[in-house]
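See below for the structure under consideration.
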Amino acid sequence: MIDFTSRPDDSHDHRHDDRRITRIAAPEGVHPGTGYSHVAWGTGRFIAVSGQCAFDEQGRIVGEGDAAAQARQVFENLRRCLAAAGATFGDVVKLTYFVTDIAHLPAVREARDAVIPADRLPASSAVQVAALVRPELLLEVEAFAVLPDPPVPSVGG
């Protein structure tokens, strides 16, 4: 078993103690995945981020027909949603990709790799779907994250 327990580094924003999240790329007897961890778990507050599509702040589609542009916008939207909960990509334990064509996955992975370092890859699933909410959309990504429990206030301290 390879244990990639997250450890803070200087290259990304890690406001939280990431040692509370453990990622295992290849549990014993399981073939290693490429670009994801098979298992990730943590202790703390659970955050679910709904599937994000390539909409800008005004609701316009970014990158119509361009999977790479859409993926970058999706990960920016995920970043904003995580930030609203006080989280970062370093807190993510699971990503689910919904793509209209599995050929879009390299563009999705490139956008993901720009924001999540290789030693912190979350568990992931990719699903090809017949369609998304609008025909111009090529992908959607949802995220699950874990934040540390808030500190317990000391009494009479």
Tally up the carbon and sulfur contribution to the accessible surface of the chain as a whole percent, 1.4 Å probe, everything protein left in place.
-> 54
Can you tell me how much longer the chain between Gln58 and Phe46 gets when fully stretched, taken as 0.36 nm per residue apart minus their C-alpha distance, in nm with one decimal?
-> 1.5 nm
With a 1.4 Å probe and every protein chain left in place, work out the accessible area per residue of the chain in Å², rounded to a whole number.
-> 54
Just the ratio, please: alpha-carbon radius of gyration of the chain over 2.2 N^0.38 Å, N its number of residues.
-> 1.10
The set of residues whose placed amide H lies less than 5 Å from the amide H of Gln52, leaving out same-chain residues fewer than 5 positions away, is Val141, Glu142
Taking the chain and dividing mean pair separation by its residue count, relative contact order in percent (alpha carbons under 8 Å, at least six apart) = 30
Which percentage, to the nearest 5, of the DSSP beta bridges contained in the chain is antiparallel?
-> 75
So how far apart, in nm, are the two label points at Asp66 and Val30 if each is 7 Å from Cα heading toward Cβ?
-> 3.7
Given 149-155, 33-39, the highest-first ranking by average Cβ count within 10 Å works out to 33-39, 149-155
Residue (of Val99, Ser50, Leu138) at the positive-pole extreme of the chain, dipole from beta-carbon charges | Ser50
Identify the trypsin sites (Lys or Arg not before Pro) of the stretch 54-157 meeting these criteria: DSSP loop state and at most 12 other C-beta atoms within 10 Å of the C-beta.
-> Arg60
Between Glu110 and Arg80, what is the spin-label point distance in nm, taking each point 7 Å from the Cα along the Cα→C-beta axis?
-> 2.3
Taking R0 as 22 Å and r as the Cβ-Cβ distance between His38 and Val133, the FRET efficiency 1/(1 + (r/R0)^6), rounded to the nearest 0.05, comes to 0.15
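The values are calculated or read from the model by the stated rules, or taken from the named source; none is laboratory data. These numbers come from a predicted model, not from an experiment. Quick reminder, even Gly has a Cβ in these numbers, built from the backbone with ideal geometry, and neighbours come from all protein chains shown. Ligands, DNA and RNA are stripped out before the accessible areas are found, and what is left, the full protein with its side chains, is counted by its heavy atoms. Shrake-Rupley method; radii C 1.70, N 1.55, O 1.52, S 1.80 Å.
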